[in-house]
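Shown next, in structure tokens, is the structure this report addresses.
Where a number appears in this text, it was derived from the coordinates with a stated rule and is not lab data. Keep in mind it's a predicted model, so treat the numbers as computed, not measured. In this analysis, Cβ positions are derived from the backbone assuming ideal geometry, glycine residues included, and neighbour counts consider all displayed protein chains.
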């Protein structure tokens, strides 16, 4: 392949990746800043989800080398549903990272009466780099389907720089049962199979120290699993 042909292919790939992110941003820009909006009309599962997350976090703190309890990150925070419903009950400082400005403004409003302490960072995760060595837990939920494989690996590698000693990254994501990547053109996202998620975690230089399936979700939804990880 000559250099001009390779350059043309590279440009085509770059254009597709750019459209992947632009289309997702357009979709979320027209979603109402509500719990129902964040969960695609499934606000009824929010309480079950938060309780499942709390149980998983409790199990993390039973590990021999467990993280501290001072500061957490909510990656892909939306309107702060996870921050307010779960993370703030466990950490005095929670930073929110969210690419949609409308959602972040709603998070500021809803969290103001709670005396929330933490930053509001208006960035997509593909562009986010954390401060060095500040987080005990980095909680990233239902958002990695909006990252390409390459950007997901890069994001996780950058996250390791933000961890305190014994700190952990937690992913909570949908998984396909087909063994294949499934594309959703409505919101420009992908859902990955378990094997691929584990592979990408390893490529990011992380190892899984705890894994658990979310229980009590409706049977017609994707399987949801939580992965607690630390640098190898």
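One table, with the values for the structure above:
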item: DSSP bridge pairs, the range 3-231: antiparallel proportion in percent, nearest 5; result: 50
item: Sorted by Cβ density within 10 Å, fewest first, the residues 31, 181, 97; result: 181, 31, 97
item: Longest to shortest principal axis, alpha-carbon extents of the range 48-154, angstrom; result: 38, 36, 30
item: Sum of -39500 (n - 2.57) over DSSP H runs of 4+, divided by residues of the chain (222 nm, nearest 500); result: -11500 deg cm²/dmol
item: 0 to 90° range, to nearest 10: angle between helix 149-162 axis and the chain longest Cα axis; result: 40
item: Inter-probe distance in nm under a simple model that places probes 7 Å from Cα toward Cβ, at residue 199 and residue 180; result: 1.5
item: Rh (Kirkwood; distinct C-alpha pairs) - the chain, Å; result: 18.3
item: Least to most buried among 55, 81 (fewest other Cβ within 10 Å first); result: 55, 81
item: Viscosity 1.002 mPa s, 20 °C: Kirkwood-radius Stokes-Einstein D of the range 120-232 over Cα pairs, µm²/s; result: 147
item: Folded to 0 to 90 degrees: helix 46-60 orientation relative to the chain principal axis, Cα; result: 80
item: Potential lengthening between residue 34 and residue 2 on full extension [0.36 nm per residue; Cα-Cα distance subtracted]; result: 6.4 nm
item: Between 0 and 90°, nearest 10: helix 3-29 axis offset from the chain longest Cα axis; result: 40
item: Spin-label pair residue 222/residue 55, simplified geometry with 7 Å Cα→Cβ offset, distance in nm; result: 2.1
item: Stretchable slack from residue 211 to residue 148, in nm (0.36 nm times residue separation minus alpha-carbon distance); result: 20.4 nm
item: Inter-centroid distance (Cα atoms) of the range 18-82 relative to the range 85-154, Å; result: 9
item: Förster-model FRET efficiency, 41 Å R0, residue 43 and residue 157, C-beta, rounded to 0.05; result: 0.75
item: Relative contact order computed over the chain (Cα-Cα under 8 Å; 6+ residues apart), in percent; result: 18
item: Proxy reagent accessibility, fewest Cβ within 10 Å first, across 74, 100, 187; result: 187, 100, 74
